[in-house]
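Report on one structure; see the data block that follows.
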Amino acid sequence: MTYDERYRRYLALIEPALKSAFNSQRGFEFDGLLDAMSYSLTAGGKRIRPVLVLEFARLNGLEPEKALPVACAVEMLHTYSLIHDDLPCMDNDDLRRGKPTNHKVFGESTAVLAGDALQAEAFGTILRSGLPAEVRAKCAEILAGAAGVDGICGGQYMDLSAEGHALSADELSDLQARKTGALLSGACMLGAAAAGACDEDIDTASQYGAQLGAAFQIRDDMLDVLSTVGELGKPIGSDKREGKTTFMSLYGEAGCSRMVEKITALACSTVEKMDTNGFLRELAAKMATRRG
């Protein structure tokens, strides 16, 4: 199976599951909240994180279908973070994935609640799955780590606190390892953990995800300068307008390109032994050259 065929197979599992995630709760007075949750959850995107869950589950001996609840959970948590990042009190963005942001469509209060509910449902989706109890507990622990102070929330706080202040390279790397890298690393770990992998293999998954996340963020900073709204699906140039320190402001385009190449090569080396069909290496390579 080629890379593209496997990726399409994973998307064929993920997309219907996300679209039907909250159908059983319809018919109640909070349909508007479910509409807001589904609006952002089904807005598209590459689904990198759930794809990573399914691939690491497969590489560790679990049928991808059985890891689907975990894959959906990580996308719910990711979507919550995007809804909240876009809020007026955070990054104040009007566009996400080429569509109006959640608060522009449903209002700020409903957007806050939609994000809150998606985060809760992410854990509920794991805990209600048919995986063994000890596996569910491990997955919930990993997801909590990616979401909390050491993950998305801590990273976003650091990002907001740093606006208008120059950061060192180490400070910026720490910020982005939490805000972006933690959930990519967590997705890889979740796939391995769902399959009951040993600690060593979960650690390998974590390293690959962290390296992928570092390269992903540097490329994202590049695209905020070099891409277009049409390609990126969200406003460009916002980092400079908000006075943020970025990898582009520290290293420039040539320096960032070299860093992405080096970190991507390291990620590929990390999984070389387990990545028997080259899927993870090709994914990393494609992320390193993406335009959107």
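The values are calculated or read from the model by the stated rules, or taken from the named source; none is laboratory data. Predicted model, so just to flag it, every value in this text is computed and none were measured. Positions of Cβ are backbone-derived with ideal geometry, glycine not excepted, and every protein chain shown enters the neighbour counts. Remember, those area values only see protein heavy atoms, side chains included, never the ligands or the DNA or RNA. Shrake-Rupley method; radii C 1.70, N 1.55, O 1.52, S 1.80 Å.
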Using 0.36 nm per residue, how much length does the chain from Glu171 to Asp94 gain when fully extended, once their Cα-Cα distance is taken away?
24.9 nm
Can you compute the helix-only [θ] at 222 nm over the chain? Use -39500 (n - 2.57) per DSSP H run of at least 4 residues, normalise by all residues, nearest 500 deg cm²/dmol.
-21500 deg cm²/dmol
What do the square roots of 5 times the Cα gyration tensor eigenvalues come to for the chain, in whole Å, largest first, as semi-axes of the equivalent ellipsoid?
27, 25, 17
At 27 angstrom or more along the helix axis (alpha-carbon based) and mean Kyte-Doolittle of -0.5 or higher, what helices does the chain contain? Whole DSSP H runs only.
108-127, 199-226, 247-270
Any lysines with Cα under 22 Å of the Lys66 Cα? List them, leaving off those in the same chain fewer than 8 positions away.
Lys19, Lys46, Lys138
Length-normalised contact order of region 152-292, Cα under 8 Å, at least 6 apart, in percent, tallies to 26 percent
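Of all the accessible heavy-atom surface of the chain, with the other protein chains kept in place and a 1.4 Å probe, what percent is carbon and sulfur? Intermediate values should be presented prior to the final figure.
On the way: 6780 of 12710 Å².
The nonpolar share, carbon plus sulfur, comes to 53 percent.
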Express in whole angstrom the spacing between the alpha-carbon centres of region 108-175 and region 36-93.
12 Å
How big is the equivalent ellipsoid of region 96-208 along its three axes, where each semi-axis is √(5λ) from the Cα gyration tensor, reported in whole Å from largest to smallest?
27, 22, 11
Would you mind putting 110-121, 63-74, 204-215 in packing order, based on average other-beta-carbon counts within 10 Å, highest first?
204-215, 63-74, 110-121
Can you tell me, using C-alpha contacts under 8 Å and at least 6 residues apart, the relative contact order of the chain as a whole percent?
18 percent
Region 1-132 - percent relative contact order, Cα under 8 Å, separation 6 or more:
26 percent
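May I ask you to give the solvent-accessible area per residue for the chain, in square angstrom, as obtained with a 1.4 angstrom probe?
Value returned for the chain: 44 Å² of accessible area per residue.
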